[in-house]
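Computed from the coordinates by the stated procedures, all read-outs in this text should not be read as laboratory data. Treat the numbers as computed from the prediction; the structure is a model and nothing was measured. When we count neighbours, we look across all protein chains shown, and the Cβ atoms used for this are built from the backbone with ideal geometry, even at glycine.
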Amino acid sequence: MMPTLTPRLQRFLDRNSHSMIIDGDSIAVSSDQTIAVVNPATEEVIAHVGLASAGDVDRAVSSARLAFDNGPWRTMAPMDRERILLRFADLVEEQADSLAQLITLENGKLVGQARSSDAIGASKTLRYYAGWATKIEGSTLDLSLKQKPGKQNFAFIRREPVGVVAAIVPWNFPVSIAAWKIAPALAAGCTVVLKPSEETPLSALMLGELALEAGMPAGVLNVLTGDGATTGAALVAHPGIDKVTFTGSTATGKQIGKSAMDHLTGISLELGGKSPVVVFDDADFEEAAKGIAAGIFRNQGQVCVAGSRVYIQKKHFDRVLQDVCDLGKKMRISHGFDPDADLGPLVSSQHLERVKSYIGKGVEEGAVLESGGKQVARTGYFLEPTVFSSEDNQKVIIQEEIFGPVLVGVPFDDIEDALQKANDTPFGLSSSVWTQNINTAHQMIDGLKAGWVFVNAPGRSDPNLPLGGYKQSGIGRELGRQGLYQFTTTKSVNIVY
Ligand code: NDP
């Protein structure tokens, strides 16, 4: 079922071609290579975008470079930057329906979630960082350097924008994750080249158009369409880039890190996760089961902070896991425009096959399939919410990121056992603890090796709450003050007078 699309989105989709945004203009890619954008609920092609070559990347970076070095953005009064960012936030909010429908068409997610998490989420992030544009500050320092007789000194630290930023984002929250990068970068006075995933390029283009409508000067925000191997790789390796900010898989993050090091380009990496949820005997089990199901099945489990391993204290293991299975079985699986749907399709047939292969591995290695596990017999890339149980923490489905609606339950004895098991993967992005005991909560907060710890709730982002990984889940922090400072550099100055 196709919904009535907003007039703006209909006009957007009616275009013959979807060009990149470079230097404030729509520019076609230089080659005739295109990428088909597929609706994962219907398997139909909804649009084609061009595949940007290394030459196209060079044009985008040159435009951002000129806009940074000579353009008005960096030198504009901070309050004027703030005003444009606020206008951008307002436009994203006003166009939330168009953006949400577009995201559902290219990504498959439920349109209500696309609206709240992506479109409204992005407008909140833009608004939050708009406020920061006027609050960037340095500091003064007392030095012990000896001065010549009659001389004094004045030392201070200036905080400056880092320069031209390459922002590479994945398909799971295409607009909100883009906003996590472009909002702080722009607030700091940087210029940006945004490279969305080839699965979800259209919403990034609409975002770029809204930035121009908001009065963003030409070249300040450029949007490239293309794939990772050609376009993304050329962008990261471009010598005109001062900072790479990347969200995606750990494997790609490592590749990008190596490439960025060739020019000693600064990097921030937000990578994969395998986040533990720990349920103690004294938890509110009903709330915990709902939180666990929401944490792993929302957005079809395609969430970096998804709680994909649940550790339940032995006595109540069967009961809590059964509750989660029951919640999963009740979920209505349908396309993202169905108002009754709880779960939409996965993003692509390739990703569906990857998640199914993990389910196969789980069965092969002897984990118990408690519920779900099957592809839904209908057009589109739909998969049942799936729950496994296992006593062995070393199974592949417990150690590797699946990025789908697949949960594994493991029993534990006590706090020490819970911490040992929860920390025993290469990842460290998020975690949740369910307990009524404040001492247990603090011991867990202390011991968990993860960038986020949520107590009695699944992980949820907020513009003021920094997000980032321990271990192989990343380098750096996004959101909050720390998310702004990753786009600044400091200059130490000493004036003798
Ligand atoms: P990928 O790592 O495959 O891709 C992420 C982005 O990088 C895409 O835009 C992709 O382009 C691009 N890319 C791929 N290869 C290269 C390359 N060699 N050089 C430059 N860019 C490249 O991740 P997915 O898109 O599959 O996203 C899912 C992953 O993202 C999961 O592992 C998830 O955990 C992680 N993630 C992490 C978050 C966090 O905050 N820590 C948040 C959300 C997701 P293209 O798609 O066109 O190939």
**OP:** Work out from phi, with θ = phi - 60° and the Karplus expression 6.51 cos²θ - 1.76 cosθ + 1.60, the ³J(HN,Hα) of each residue of the stretch 371-388, listed in order in whole Hz, and give x for Gly and Pro.
**Re:** 6, x, x, 10, 5, 7, 6, 6, 4, x, 9, 9, 9, 5, x, 10, 10, 10
Original post:
What is the distance in Å between the Cα centres of the stretch 17-65 and the stretch 397-427?
Top reply: 40
Original post:
Relative contact order of the stretch 1-141: what whole-number percent is it, with Cα pairs under 8 angstrom and at least 6 residues apart?
Top reply: 23
**OP:** Kindly provide the trypsin sites (Lys or Arg not before Pro) of the stretch 135-195 that DSSP labels as loop, not H, G, I, E or B, and whose Cβ sees at most 12 other Cβ atoms within 10 Å.
**Re:** 135, 146, 151
Subject >> ³J(HN,Hα) computed for each position of the stretch 317-333 - Karplus, 6.51 cos²θ - 1.76 cosθ + 1.60, integer Hz, glycine/proline x >> reply: 4, 4, 5, 5, 5, 4, 4, 5, 4, 4, 5, x, 5, 6, 5, 8, 9
**OP:** Could you pull out every residue, at least 5 positions away or on a different chain, whose amide H is within less than 5 Å of the one on residue 278? Hs are placed 1.01 Å off N in the peptide plane, and Pro or chain starts have none.
**Re:** 311, 432, 433, 434
**OP:** Find how many whole Å separate the alpha carbon centroid of the stretch 479-497 from the alpha carbon centroid of the stretch 337-381.
**Re:** 46
Subject >> In order through the stretch 344-359: 3J(HN,Hα) via Karplus (6.51 cos²θ - 1.76 cosθ + 1.60), integer Hz, x for Gly, Pro >> reply: x, x, 6, 5, 7, 5, 4, 5, 4, 4, 5, 5, 4, 5, 5, 4
Subject >> Gyration tensor (alpha-carbon) shape descriptor, the chain, a/c threshold 1.5 >> reply: oblate
Subject >> Listed pairs 258/356; 195/356; 181/421; 254/491; 124/243 exceeding 26 Å between Cα atoms >> reply: 258/356; 195/356; 181/421; 254/491
Subject >> Extreme residue, positive dipole direction of the chain, given options 3, 472, 382 (C-beta unit charges) >> reply: 472
**OP:** Enter the per residue convex hull volume of the stretch 275-462, computed from alpha-carbon coordinates, in Å³ rounded to the nearest integer.
**Re:** 111
**OP:** Could you line up 376, 38, 279 from fewest to most neighbouring Cβ atoms inside 10 Å?
**Re:** 376, 38, 279
**OP:** Determine the calculated [θ] at 222 nm for the chain from helices alone, applying -39500 (n - 2.57) to every DSSP H run no shorter than 4 residues and normalising by the residue count; nearest 500 deg cm²/dmol.
**Re:** -11000 deg cm²/dmol
